[in-house]
Amino acid sequence: MKIDILTLFPSMFDGFLNESIIKRAIESGKVKIEIHDIRDFTLDKHKKVDDYGFGGGKGMVLMPQPVFDAVEHYKKENSKVILVTPQGETWKQQKAYAFSKMEHLIFICGHYEGFDERIRTLADYEISIGDYVLTGGELPSMVITDSIVRLLNGVIKEESHMEDSFHNNLLDYPVYTKPIIFRGMKVPDVLLSGHHANIEKWRYEEQLKRTKLRRPDLLERDD
Ligand code: ADE
């Protein structure tokens, strides 16, 4: 998979690309991620990428020209363009599975007060990561990319994401490690029993119990 991220703040991605599982996925060739500065595409002689919005009110608005030129530069036949915006469809695990099958994704990160409405025409998908407003699209792009890359073949053990929270619309079951007793809190006996069928049954019951208690809405969903 190839992911191109268009942003005005490329250095925000340094930590994300250079640590842990994402770093390993890049090094082992499972994914190629490139960060591109939208400012490099502006035709303005002062390198301007934003201006005041017509009609007054809001602050600076990202101009269409550099974004159109950047997207057109990287777009190929198999590319899908994602615009991250609080007005988009809410990101869900099921979407992460679907997007992990795609060949090439291009993210557009908006910033400042907003982006020119015509930028929307570039997008195949508009995606929000939740009902709150961030200062820009960089963190949402990282969140979405992270959730997709961990699902690519060989990035983490397949059993791990088959049991993720939200797989089958259930929250994950509780896990424990050493010591068996910590500050009076004991690991459930069934996990120490070595009886695999009982362990699986217990885990499934815990998933149902937790989901009913914490996220009953998930049990009603059919996506
Ligand atoms: N940009 C600002 N806030 C956002 C959000 N919640 N989701 C996606 N993009 C955003």
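The values are calculated or read from the model by the stated rules, or taken from the named source; none is laboratory data. Bear in mind that the values here come from a model prediction, so they are computed numbers and not experimental data. We place every Cβ from the backbone using ideal geometry, glycine too, and count neighbours over all the protein chains shown. Heavy atoms of the whole protein, side chains included, go into the accessibility calculation; ligands, DNA and RNA do not. Shrake-Rupley method; radii C 1.70, N 1.55, O 1.52, S 1.80 Å.
Computed values, structure above
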| read-out | value |
| --- | --- |
| The range 100-115, residues that are more than 15 Å from the ligand (Cβ to nearest atom), buried (at least 17 other Cβ atoms within 10 Å of the Cβ) and not in a strand (DSSP E or B) | S100 |
| For E89: the one exception among (1) within 16 Å of the chain's Cα centre (by Cα); (2) of a type outside the set (G, A, S); (3) in a strand (DSSP E or B); (4) surrounded by 14 or more Cβ atoms within 10 Å (Cβ to Cβ) | (4) |
| Test: residue in the range 70-77 that is within 16 Å of the ligand (Cβ to nearest atom), of a type outside the set (S, T, Y) and crowded, with 17+ Cβ neighbours inside 10 Å | no |
| Residues (within 8 Å of the ligand (Cβ to nearest atom), open to solvent by less than 60 Å² (accessible area, probe 1.4 Å) and of a type in the set (A, V, I, L, M, F, W, C)) located in the range 116-149 | I127, I129 |
| Lone qualifier among L170, L191 - being in contact (Cβ under 8 Å) with a residue 24 or more places away in the chain, at negative phi and surrounded by 10 or more Cβ atoms within 10 Å (Cβ to Cβ) | L170 |
